[in-house]
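A.B. asks: Sharing a structure below in structure tokens format, with a few things to ask.
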Amino acid sequence: MKKHKEKIKIGIVIGVFSVVIIACLVSIFSQVFTEYKENESFKNLAEIVTEESTGNDTEKEQFINPNLLKVSDCDNDVQDESSMYFTTYYEPHSISELIPMNSECFGWISIAGTNINYPVMHTPSNPQKYLNKNFYGEYSYSGTPFLDARCSADSTNLIIYGHHMNNGTMFADLCNYTDYSYFTEHTTVVLETKDGVFAYSVFSVMKVKSDDDWYRFTTVGTEKSYNSRIEYAKEKSTYDTGITPVYGQQILTLSTCYGYNQDDRILVLAVQN
């Protein structure tokens, strides 16, 4: 009788553990499937608004490198005869199609060779609206990258937030910038807005807390204040990129979670060419 009761207890314990394990597996599968579907939704959106190349590339080259953006490597906006230029590949998107689909769309951000290729939303009256909403305003675990509510197109520092998804989507690839070799292969960020296409060169990679002073920097009025901010970013950078922005150049900040602590962040800062 005693052995029989022990077998029953063991059976109950095994049954409970089995139910727990199954529930966990179902939850994990559900989350993975949800992230996959959400990523597919963004891919479909990208296909809808991707423009065809107007260049002279071959069909194969057009597929791999849809367009070229001429970028100056001069460290200020005063060009002279000695200024050198390089080209960066990017996939052009029709912002004129995106905005009618959702008027809260600010533009499109992309980094060639990464998973970062998404629309950017902007809702000044509801700052974190797209934290858990997709481009169409529906609930989304992944959310959609969005511009800081305090920013406008002409702000000194455009701060864009995006989730760090475990499947490598959204802004997860920003964490790879802690590796200098990764930086050298992904130096340019492209932002497309209704005002045009703009290229930004990465100049600093910082590991910070969610309340870091950099988040309070959106606009400055003086050269001294601007240079002070840049000096701060260069000092806190994980490595020296060899690039120093000069007063008058717009900064683009990409922010996402980093590490295991809830308030840890990684910032990839880029300066407009």
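The values are calculated or read from the model by the stated rules, or taken from the named source; none is laboratory data. Owing to the predicted nature of the structure, the values given are computational and were not obtained by experimental measurement. Ideal geometry is used to build each Cβ from the backbone, glycine not excepted, and the neighbour counts take in all protein chains shown.
A.B. asks: Could you check Ser125 against (1) over 26 Å from Thr253 (Cβ atoms); (2) modelled with pLDDT of 95 or more; (3) of a type in the set (Gly, Ala, Ser) and say which number it fails?
C.D. replies: So the condition that Ser125 fails would be (1).
A.B. asks: A further question follows. Those residues that are touching a residue at least 60 places away in the same chain (Cβ under 8 Å) and surrounded by fewer than 19 Cβ atoms within 10 Å (Cβ to Cβ), I need them from the range 165-175; list them, please.
C.D. replies: Scanning the range 165-175 gives Asn166, Asn167.
A.B. asks: Follow-up. Being among the hydrophobic types (A, V, I, L, M, F, W, C) and buried (at least 17 other Cβ atoms within 10 Å of the Cβ) is the filter here, so list the residues in the range 100-126 that pass it.
C.D. replies: Cys105, Phe106, Trp108, Ile109, Ile111, Ala112, Ile116, Val120, Met121
A.B. asks: I'd like the full set of residues that are farther than 17 Å from Ser110 by Cα, among the polar types (S, T, N, Q) and touching a helix residue (DSSP H, G or I) at 6+ places or on another chain (Cβ under 9 Å), limited to the range 179-221.
C.D. replies: Ser204
A.B. asks: Given (1) touching a strand residue (DSSP E or B) at 6+ places or on another chain (Cβ under 7 Å); (2) surrounded by fewer than 16 Cβ atoms within 10 Å (Cβ to Cβ), where does Asp195 come up short, assuming only one miss?
C.D. replies: (1)
A.B. asks: Just to check your reading of the model, which residue among Lys133, Lys129 is crowded, with 19+ Cβ neighbours inside 10 Å and of a type in the set (D, E, K, R)?
C.D. replies: Answer to the selection: Lys133.
A.B. asks: Count, please, the residues in the range 170-228 that happen to be assigned to a strand (DSSP E or B) and of a type in the set (A, V, I, L, M, F, W, C).
C.D. replies: The total comes to 12.
A.B. asks: Further question: Just checking, which of Thr253, Thr244 is in a loop (DSSP other than H, G, I, E, B) and either of a type in the set (Gly, Ala, Ser) or touching an Asp or Glu at 6+ places or on another chain (Cβ under 9 Å) (or both)?
C.D. replies: Checking each option against the conditions leaves just Thr244.
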